[in-house]
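Each remark here refers to the structure printed beneath this line.
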Amino acid sequence: MNSEELSNLVVDALEDIKALNICKLDVREMTTVTDWMIVASGTSSRHVQALIDNVAEKAKAAGYPAIGVEGESGGEWVLLDLQDALVHVMQPKVREFYNLEKLWSITTPGDVAATKA
């Protein structure tokens, strides 16, 4: 499985549990840390946790165990590191405040880095 297939698996896992406003960002040309950033919203801390758990489970089954998880205790913003994909699941107010899509979508004119999944 390549990194793009992993990013698609993440999007599918998020859609399974009804994530809101999923955005997949191709950051391969911007950083060497990861290839993809996937940002999604959950409606509550429980929903955010369920989304992260489902993504982690599906990725592990596909041979991509999580390297780390941050923010589980609060449930407002949880980051799942799958090495080739970073998954950010946030509650809507937190997502609006940090606006990661805008931060990581800076491109030259004519390029498209973000895609709505």
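Each reported figure results from applying straightforward, stated rules to the coordinates on display, with no laboratory input. Quick caveat, the model's predicted, so the values are computed rather than measured. Please note: Cβ atoms are built from the backbone with ideal geometry, for glycine as well, and neighbour counts cover all protein chains shown.
Observations on the model:
- Percentage relative contact order, region 3-116, counting C-alpha pairs under 8 Å, at least six apart: 29 percent
- In this rough spin-label picture, where each label sits 7 Å from Cα along the Cβ direction, the Tyr98-Thr31 distance is 1.0 nm.
- Helices in the chain, meaning DSSP H runs of at least 4 residues, each add -39500 (n - 2.57). Divided by all residues, the mean residue ellipticity at 222 nm is -11000 deg cm²/dmol.
- Of the GluC sites (Glu not before Pro) in region 1-107, those whose Cβ has at most 10 other Cβ within 10 Å and which sit in DSSP loop: Glu29
- When the chain is treated as a GNM with alpha-carbon contacts under 10 Å, the residue of Leu20, Leu82, Leu103 showing the greatest mean-square fluctuation is Leu103.
- Convex hull per residue volume in Å³, alpha carbons only, for the chain: 93 Å³
- Bridge type composition, the chain - antiparallel percent by DSSP, nearest 5: 75 percent
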